[in-house]
């Protein structure tokens with residue numbers, strides 16, 4: 001292998017991200033672009049030459065380029081001091097959670113049920129469930145008289161409280 005210490009690279013990247021964007025030099029940005037776009041193809045050529053498969057150098061470079069691009073969210077999380085598992089947020093289907101649909105009882109409503117009233121109700125429910133606005137709660141209108149509430153990572157009993 002190439003002998004790259006990924007932990008050291010992540011620590012170096014973390015030190016660089018501590019700088020503000022105005023302090024990052026153009027040379028450093030150019031270096032990052034070269035590492036991302038050129039280095040995989042150069043390494044691909046070396047690997048192909050070592051394996052005596054010169055016809056495959058471009059393909060090996062493309063695979064390495066794809067690996068660099070695919071690892072970007074994980075390296076970014078590590079560089080910012082977070083856990084790499086937070087790089088991709090799981091949806092309700094993978095992380096679990098609650099999906100509830102509420103129907104408005106038109107017989108008990110004082111106002112006529114219009115799109116404007118439903119939009120106001122969606123906004124009010126969204127503010128009540130997620131007052132800070134930092135959670136990934138989805139509140140949306142479904143049809144003419146229903147509201148769907150999706151809360152990833154929460155039990156339906158907790159949400160109904």
Inset, instruction - Given the conditions (1) surrounded by 14 or more Cβ atoms within 10 Å (Cβ to Cβ); (2) touching a residue at least 40 places away in the same chain (Cβ under 8 Å); (3) part of a loop (DSSP other than H, G, I, E, B), report the number of the one that residue 113 does not fulfil. - result: (2)
Inset, instruction - Go through (1) closer than 30 Å to residue 37 by Cβ; (2) assigned to a strand (DSSP E or B) and name the single condition residue 81 misses. - result: (2)
Inset, instruction - Output the residues belonging to region 84-110 that are assigned to a loop (DSSP other than H, G, I, E, B) and surrounded by 10 or more Cβ atoms within 10 Å (Cβ to Cβ). - result: 87, 88, 89, 90, 91, 96, 104, 106, 109
Legend entry - residue 86 being under 30 Å from residue 72 (Cβ atoms), out of contact with any strand residue (DSSP E or B) (no Cβ under 7 Å at 6 or more places or on another chain) and modelled with pLDDT under 80: yes
Inset, instruction - Answer yes or no: is there a residue in region 131-154 that is assigned to a helix (DSSP H, G or I) and either exposed (fewer than 10 other Cβ atoms within 10 Å of the Cβ) or touching a helix residue (DSSP H, G or I) at 6+ places or on another chain (Cβ under 6 Å) (or both). - result: no
Inset, instruction - State whether the residues of region 48-62 include one that is assigned by TED's automatic domain parsing to the domain that holds residue 32, loosely packed, with under 12 Cβ neighbours inside 10 Å and touching a residue at least 24 places away in the same chain (Cβ under 8 Å). - result: no
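The values are calculated or read from the model by the stated rules, or taken from the named source; none is laboratory data. Nothing here was measured: the structure is a model prediction, and the numbers come from that model. Backbone-built Cβ (ideal geometry, glycine too); neighbour counts: all protein chains shown.
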